[in-house]
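Beneath this line is the structure, given in structure tokens, with notes to follow.
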Amino acid sequence: MYASPTYEIFSTASLVDMKSLDRKKFPLFEESEIIKVVLEAGNAIYLPRGWWYYVESLEPSINVSVHYWKLGSFLKIF
């Protein structure tokens, strides 16, 4: 997914701009499978580790993200 060199602890960002996709710059993106989901109030979604995702709010809303890590993986960074 064209990982960005920008690094944040426990996450990787993509260079792909989903709002303005440059198909010439990111040709392999065409091979990805896109699954679109619209969540309603009270819904939740589980994204398995390693899945790339893009979130867009269709109206003003509150988003809560919860990340779970194994303690051993967390301690490896220190």
In the range 4-23, residue surrounded by the fewest Cβ atoms within 10 Å (Cβ to Cβ) [restricted to those that are charged (D, E, K, R) and at pLDDT 75 or above]: Lys19
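In the range 24-78, what residues are outside any loop (DSSP other than H, G, I, E, B) and modelled with pLDDT of 85 or more?
Matches in the range 24-78: Pro27, Leu28, Phe29, Glu30, Glu31.
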When you scan the range 31-54, how many residues do you find that are surrounded by 10 or more Cβ atoms within 10 Å (Cβ to Cβ) and of a type in the set (Val, Ile, Thr)? 0
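The values are calculated or read from the model by the stated rules, or taken from the named source; none is laboratory data. For clarity, every value in this text was computed on a predicted model and none was experimentally measured. All Cβ positions, even for glycine, are placed from backbone atoms using ideal geometry, and neighbour counts span all protein chains on display.
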